[in-house]
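Here's the structure, in structure tokens; my notes come after.
The values are calculated or read from the model by the stated rules, or taken from the named source; none is laboratory data. Remember, predicted model here, so these are calculated numbers, not experimental data. Here the Cβ positions follow ideal geometry from the backbone for every residue, glycine too, while neighbour counts run over all protein chains shown. We work out accessible area using only protein heavy atoms, side chains counted, and drop any ligands, DNA or RNA first. Shrake-Rupley method; radii C 1.70, N 1.55, O 1.52, S 1.80 Å.
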Amino acid sequence: HPWHYYDLINIDESEHENADLSKKNGDFDTWQYPWRSKAHKLVWRGSANGGEMLEYNWRYFPRNKITSLAHKHPAQIDAGFSDMQVVNEWMRTNQHLLKDNFRGYMWEPDWQKYRYIGVVDGIGMSVRYAGVMLTHSVAVEQASPYYEWYYRWLEPHVHYVPFKYSMSDLVEKVKWLQADEERAKAIAYNGSRFMQEIYRTEEV
């Protein structure tokens with residue numbers, strides 16, 4: 001997908017593909033947001049999309065579910081909408097149902113202030129997945145019906161942490177990461193190093 005090329009162009013140069021990258025990779029504490037300073041919770045920001053919301057289905061869209069979980073489990077999840085991209089008449093007249101979940105836009109480098117970053121489907125696959133894995137935070141990825149070219153090489157609990165499409169185990173997975181800091185840091189490191197090997201502008 002061409003988004004991958006555009007995404008590579010937009011990745012913060014201070015954190016990716018510069019002359020000092022190999023030195024930064026060797027020790028996470030030399031990066032812009034050192035591991036020790038990152039918040040101990042999962043962050044997610046994105047558009048309130050996923051398809052055409054209607055009265056009978058809006059609660060079940062993945063992005064609506066993660067923002068709902070954030071209200072119930074603030075010690076584990078910080079999730080919110082940045083905007084709405086797919087708007088029909090029902091959504092226009094019922095935006096009050098989502099208003100408590102709008103948190104404003106968060107630039108990608110700011111995701112790195114958190115140890116765990118959620119990867120959640122929208123209208124299609126989350127094109128941010130590869131970018132998240134380059135942040136030296138843990139990519140926590142929702143099981144998805146979509147499939148991209150690099151998925152086959154990623155190993156769960158080695159390069160990323162998976163959770164069910166239903167999100168029934170998401171809070172449990174974040175608590176597991178919070179309880180084992182060294183394991184979490186190793187997954188973040190493995191994922192970042194591996195993605196840098198296969199996801200460079202020239203290769204994409």
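Each row is one residue, and each column tells you yes or no for (1) at pLDDT below 95; (2) outside any helix (DSSP H, G or I); (3) closer than 22 Å to His71 by Cα.
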| position | (1), (2), (3) |
| --- | --- |
| Asp100 | yes, no, yes |
| Pro109 | yes, no, no |
| Arg115 | no, yes, yes |
| Gly131 | yes, no, no |
| Thr135 | yes, yes, no |
| Tyr146 | yes, yes, no |
| Arg183 | no, no, no |
| Tyr189 | yes, no, no |
| Gln196 | yes, no, no |
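Yes/no matrix, rows are residues, columns are (1) at pLDDT 80 or above; (2) of a type outside the set (Gly, Ala, Ser); (3) closer than 16 Å to Ala188 by Cα; (4) touching a Gly at 6+ places or on another chain (Cβ under 7 Å):
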{"site": "Asn10", "(1), (2), (3), (4)": "no, yes, no, no"}
{"site": "Ser22", "(1), (2), (3), (4)": "no, no, yes, no"}
{"site": "Phe28", "(1), (2), (3), (4)": "no, yes, yes, no"}
{"site": "Tyr33", "(1), (2), (3), (4)": "yes, yes, yes, no"}
{"site": "Lys38", "(1), (2), (3), (4)": "yes, yes, yes, no"}
{"site": "Asn49", "(1), (2), (3), (4)": "no, yes, no, yes"}
{"site": "Tyr56", "(1), (2), (3), (4)": "yes, yes, no, no"}
{"site": "Pro62", "(1), (2), (3), (4)": "yes, yes, no, yes"}
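Does region 149-167 hold any residues that are outside any loop (DSSP other than H, G, I, E, B), out of contact with any Asp or Glu (no Cβ under 6 Å at 6 or more places or on another chain) and open to solvent by less than 20 Å² (accessible area, probe 1.4 Å), and which are they? Lay out the reasoning, then the answer.
Here is the first cut: in region 149-167, the residues outside any loop (DSSP other than H, G, I, E, B) are 151-153, 156, 160-163.
Going one step further and asking which of them are out of contact with any Asp or Glu (no Cβ under 6 Å at 6 or more places or on another chain), we end up with 151-153, 156, 161.
Passing the criteria: only Val161.
Of the listed requirements (1) touching a residue at least 24 places away in the same chain (Cβ under 8 Å); (2) within 12 Å of the chain's Cα centre (by Cα), Asp110 misses just one: (1).
Only one entry of Tyr105, Tyr146 meets the criterion of being without any contact (Cβ under 8 Å) to a residue 40 or more places away in the chain, surrounded by fewer than 16 Cβ atoms within 10 Å (Cβ to Cβ) and not polar (S, T, N, Q), and that entry is Tyr146.
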